[in-house]
Each structure stands twice: as C-alpha cells, then as structure tokens.
Amino acid sequence: MKNTLCIVVLSFFSLTLNSQPVFNLQDTLRGSLNEHRNWFDIQHYDITVTPTYETKSIIGQVSWTAKVVKPANNIQIDLQQPLVIDSVIYFAPNTKSGKALPYARNLNVAIANFNEKLNINANFKLVIYYHGIPREAVRPPWDGGWIWKKDGNGKPWMSVACQNIGASVWYPCKDHQSDEPDHGARLTINVPDTLMAIGNGRMIKKENNQQLSSYTWEVKSPINNYNIIPYIGDYMGWSESYNGLKGNLDLHYWVLKQDSTKAKTQFTQVPQMLKAFEYWMGPYPFYEDGYQLVQSPHLGMEHQSAVAYGNKFGNGYLGRDLSGSGWGLKWDYIIVHESGHEWFANNITTNDIADMWVHEGFTDYTETLMTEYYYGIEAGNDYNYGLRRGIQNNKPIIAHYGVNEEGAGDMYNKGANLIHSLRHSIDNDSLFRQILINLNKQYYHKTVNSVDIENYISKSAGFNFTKFFDQYLRNTQIPSFVYQYDEKEKILTYQWKNCVVGFNLPLALSYKGKKYQLSPMDYIPQKKLITQPDFDIKEFVKLINRLYYVTTSIEN
C-alpha cells in the first residue's frame, strides 16, 4: 500500500497538556519510518504458525515479499520479546537460493545486514523463522497478545488481539501502520484435527497430516498488520449471499458449536447493517475477500474480512446502551461498530496511530448512522447526544507522531460528536453522505494522515474547516456560543468564546419551520434580526446544544 504521506518527526500539537510524556528508543523504533524501514515497501506476507495449547507456545515462519524504494543495506524486523528469532534468510531478486543474514537484536527489534545494495524497484524476499512463548493477553482486546482459553465443553479456544500492542507480538513484521502489504497476505495455521482454524479472507486449502490439520487462508486486499489474526476452536459455520452495491457479497459466520442456535438468530443483523452502511458510505470495501463474522474469546475487533465477535449474542454493548438514550439497545454494538471499521480503519487507514480518530471517530459515528437509517433522524440525534457523557476532554485527540502513541480515548465519542457537528454545519445531508462515499473512493485501500481527511472534507464542503478541526482534534476546550437576546427588538447577538483563534463554525438550524444560518466569530460579535413572533430563545439555544458539541451561555 502506498502512503499518502509518511510522517517521521515528532509533532507537539498539544495546547493543554501540562506535562509531556517521555518516549524512549523503542517507541521511536516502533513509531517512526527510520532509515532501516523507509527504503522498502511490503508487498505480501506469508505466515505459518503452529500453536501448542498445553505449553502456550508457538513455532512459526514468515515470508516477506518487499520492493526496494531506495538504496539501503540494513533492514528492521519487529518481533516482541520473549519470542525468539531463529534465523533470517534472504532471497535476492530473481533468485531461488537463500542465504542467512547476520542480525543484531535490540529488545523488540532486530536489524539484519544484507552486505549489498539492492536495485530500486527490485523485489526481494525474507524468510524469518521464530519460536517461543508469546506474550499472553491479560484483558483482551485492550491488552494484547495470544489468548489461550477453553470453551464451555473444555476444548481449546485460541486467538490473538494485538491492535494496541502491535502485530509483532506474535509474528515478525514491519510493525508500522503506514505499510500494508499491497497484495494481501496468506496465513497457514496448524492445529490438532479436533479443532478448526479460521483466518482472514477465504480458505484456499486444508490438509490433514496424521493428527494435525493445516488451514490456509488468503486475503487479496491490502491489510493492516494487526488485522491478520488466527481463530482456533471447535467452530461450525454457515454462509449466505448479500446482494450489495457491487453484486453478491459472500457472508460467512463462524461460532463455537455450543452457541450456534443463538448465533443464527443474532447474526441476522449483518445484512441489515450492510444495507445501512452501503447506503451511507458506499460499497463494502472487500468484496473480493468476502465478509466473515467470527466468534472470539474476547469482546471484538475489526479484523479485516474476519471481524471478531464476542458480544454474547445480545444487543447493545454487553447488554448496555453506551448512549443512555435507549436506541443503542436496538442493535448489536459489536456487529455494527466493528463492521463499520471495514470502511474507516481497514479501507482508509492512518499512517500513524496518533491519527486514529479517523478510525474510531468515523466508526463511532456509524452507530448514529445505523440508528438514523432504521429509526429516524431524531433517534440518531438522541443517540449521538447521549455519547457525550463519555467525553473526558483531558487531552487532545491527536497524539504525538512518530513514537507509536495512540490518539486519546476521546477519539471515540468526541470524534463522533465532532462529525455530527460538522454534518449539521454543512446543512446538506446529500452532500454529507456523498463526502463519506467519496472518502472511501478517494482513499480506497490507502493510508492517510488526518490532514488529508480534513482537507478533503473542507474542499468537498466548500468551507475551510481548518480551525474547526484544530479546535476539536488538537485542543481540549469546548467552544462556547455566547449570546444576548433582545426580546423587544428581536435581535440576537452572538459570538464564539473559549476557542482557538479564528474559530468560525457556522451554525445551521431549523426551528419552527424556519431555517436559520448563524456565522459566529471568535472576535467580532454578530447580530441577527429575528422576525418570528413566537421565537423562544431557550428552545433555540437548546437546539444548538443538541446538534453541535458546544456549550452555551448568556453574555453578562
């Protein structure tokens, strides 16, 4: 996958942090495109792994196919301790015989030396053999690593969750979000023949050898490193076809045999979700790889074309409505949220995890879109407004670049409210919907930076939202709509305060059958004559609060 722009420097955007976090060499090695990483472009991963449940250990090998972008002779390989690299074999371009490379290990990173310069645009291959007892996840999916559990019948149930900690927690890779394999990945999983193994995309081969079964899965599209995941257990599955915007989409469902009855009822929500999301955001981005929903030994994750599901076959978020509005109990949170990531996170991926609001903010907003599609616009407004109770405003959403620092937790609920505010400011739902669809066309299977998305929205909307994005992404202040209303003269005076210099978010409102356009500035009070005789300023201001993530106050 080609990067729209690779950021390798630190950016200290925070306007409100009282103390800066401390980053070390390992943070920089993981988070930056340094000289040992920026010279090659991953084309394909071919991963083989054999887990042993009894010892919680794995043996594996990974083949990298990569293209040379510029001259270099050292390469960084990411593999987190305590996993051990056994050997690194290099296959020069157009050769079938490999040679072992010398390498030096520095905690979670190994630097291997080619001792030769490679030609630009040439493809080379590395095969890395490794083994060990990988880090075990304590609280997946938030705490990453291998998951070793048993199902209700006492059979092994294994998987991996690694978004936060990185894919190098279980296989050697270029563990940086900006470089997805252009031509996808293949995953072979060797398991006891009493179990089944599921991976991303489509199963292309199954082989039996004595008491072992070998399952090979393949995804042809570019894919995030952390999305390549094995699921191993006593699974059963079924399939159906969804007639979507690009034709028939294969849907596959995999659950533990013990849960098949409940799952078949709950998973009927998948076609409903796809119908709503294709309306709002365009075609599902991975028709060639199909869509799978796989029961997992953790709550859920957006594993591309093999979405992890662990919501116990009930609506809401483990039975709760995160918005408190009631609408969040009308649909299954994990089916909706994690599938929404197929558009934002998997189709459109950020180069640096500091910009992860693009993943989580837009995907959190798909919950509002799902609610609105089936229950109406006011239901969507209720749901989105209710999400505000989860906003902390303790630090800016965008984190520091180049040091593997994930964006702040507010990228979820605040991100969704940011988008809702933007949508109402644009005041054209057809245009807003087209922006979502066109984003997924423009950046189809690509990686981006936040500024790419910001600039694209501004250009498409015909308004410069730069200060708006600075306010909500790089600052913790909540803009305040400060106003006075003269009941006798029917004049509303207003402006923005508690905001970045130049904040100028337009407010579009429909009140009692009439449309109002307000253009507050942060430095010049604006005035608007209100001719409507039954105008109620309290109701009007309440409407502003409902549709826009702002505070309101009366000017003293």
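Each reported figure results from applying straightforward, stated rules to the coordinates on display, with no laboratory input. Since this is a predicted model, take the numbers as computed values, not measurements. Cβ sites come from the backbone with ideal geometry, for glycine too, and all protein chains shown count toward neighbours.
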ask   = In degrees between 0 and 90, to the nearest 10, how far off the longest principal axis of the chain does helix 377-386 point, with axes built from Cα atoms?
value = 70
query = Which angle from 0 to 90°, rounded to the nearest 10, does the C-alpha axis of helix 429-442 make with the longest principal axis of the chain?
reply = 20
request  = Taking a cut-off of 16 Å between Cα atoms, list the lysines near K174, but don't count ones fewer than 8 places away on the same chain.
outcome  = K2, K67, K125
message = How long are the semi-axes of the equivalent ellipsoid of the range 484-552, taking √(5λ) for every eigenvalue λ of the Cα gyration tensor, in whole Å from largest down?
response = 20, 14, 10
remark   = Length gained, L212-Q532, 0.36 nm per residue minus C-alpha separation, equals 107.5 nm
request  = Measure nothing but the geometry: give the 0 to 90° angle between the long axis through the Cα atoms of 450-461 and the longest principal axis through the Cα atoms of the chain, rounded to 10°.
outcome  = 40
note = Rounded to the nearest 0.05, FRET efficiency between V127 and N464 (Cβ-Cβ, R0 60 Å) equals 0.75
note = At R0 = 25 Å the Cβ-Cβ FRET efficiency linking K497 and D427, nearest 0.05, sits at 0.60
request  = State, to one decimal in nm, how far the label point of Y374 lies from the label point of K262, with both points 7 Å from Cα in the Cβ direction.
outcome  = 1.9
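Quick one: if the Förster radius is 60 Å, what FRET efficiency do I204 and E539 give, using the C-beta to C-beta distance and rounding to 0.05? Let's see the in-between values first.
On the way: r = 61 Å, r/R0 = 1.01.
With R0 = 60 Å, the Cβ-Cβ based efficiency is 0.50.
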ask   = Cα-Cα over 28 Å: which of K257/K330; K150/K395; K330/K497?
value = K150/K395; K330/K497
task = Determine the gain in length on full extension of the stretch K70-N106; use 0.36 nm per residue of separation and subtract their C-alpha separation, reporting nm with one decimal.
result = 10.5 nm
key: Inter-label distance, nm, simple model (7 Å from Cα along the C-beta direction), Q517/F23   = 4.3
Anchor K490: lysines whose Cα lies under 23 Å away (excluding residues fewer than 8 positions away in-chain) = K512, K514, K515, K527, K528, K538, K542
message = 5 Å is the cut-off here: which amide hydrogens, built 1.01 Å from N in the peptide plane, fall below it relative to T350, excluding neighbours closer than 5 in sequence?
response = V448
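Restricting to DSSP loop positions (anything but H, G, I, E, B) with no more than 15 other Cβ atoms inside 10 Å of their own Cβ, which trypsin sites (Lys or Arg not before Pro) remain in the range 46-111?
K56, K96
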inquiry  = At 7 Å along Cα-to-Cβ for each site, give me the label-to-label distance between S97 and N119 in nm.
reply    = 2.0
Structure-based [θ]222 nm, the chain - -39500 (n - 2.57) summed over DSSP H runs of at least 4, per residue, nearest 500 = -6500 deg cm²/dmol
